[in-house]
């Protein structure tokens, strides 16, 4: 089966799922209102996604609250977005923590943003480690930022690995660990890894004069002796 055929099969499966969710949502299930809103948003059916998100949110579903917050945030309605993100967090929707942290950071409330980044990280959101580290680095808290980049790298985030590698170059005893994380980032099979490989190779080129990356093979990792 070619790619077009596979996409058609996938779309049919999503159509069936959407019909099933819609039936239960129309029967009054708040949970399925939220599930339908999530699915519709994923399928870029935004007006209907917002309609079901509002219905689910008003019925008390945390996922629906989170979707509604995201839609409103994207539209620039930050007060209402924050309202629904907070309601979703109160309802126990762990994944909303990162979105609330981002919104608070955008609004300049960095202290509370930091606490929500930490909550998101505790819930297992990999991006939260890196974004909190970015915030700490911008505030000049380099040691703590390095610690959070390392946590993100250990969780498998290739972008955190790359940034950590760069930061470790500035440390007297950090060069070997820098090489280690750079190699792991290059070798990562994470779907996001391709997005950072060009930046990693730039880092290698810039570090060449100092000999930091001697032996590095920009085609895939550190060269091994034959």
Which three numbers, in whole Å and largest first, are the semi-axes of the equivalent ellipsoid of the range 1-102 derived from its Cα gyration tensor as √(5λ)? 26, 16, 11
Highest mean packing first, using Cβ neighbours within 10 angstrom, the peptides 35-44, 110-119 sort as 35-44, 110-119
Please order 23, 175 by the number of other Cβ within 10 Å, starting at the fewest. 23, 175
re the range 81-156: pairs of Cα atoms spaced beyond 13 Å account for a percent value of 62
What is the Rg over Rh value, at two decimals, for the range 55-190, using alpha-carbon atoms and the Kirkwood definition of Rh? 1.07
Take the range 55-124, drop everything but the C-alpha atoms, weight them equally and run the Debye formula without solvent; then report log10 I(q)/I(0) at 0.22 Å⁻¹ to two decimals. -0.85
Treat the count of other C-beta atoms within 10 Å as a stand-in for reagent exposure and order 32, 46 from fewest to most. 46, 32
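Throughout, read-outs are computed from the coordinates displayed, never taken from laboratory work. Just so we're clear, the structure is a prediction, and the values are computed from it rather than from any experiment. Neighbour counts run over all protein chains shown; Cβ positions are idealised from the backbone, glycine included.
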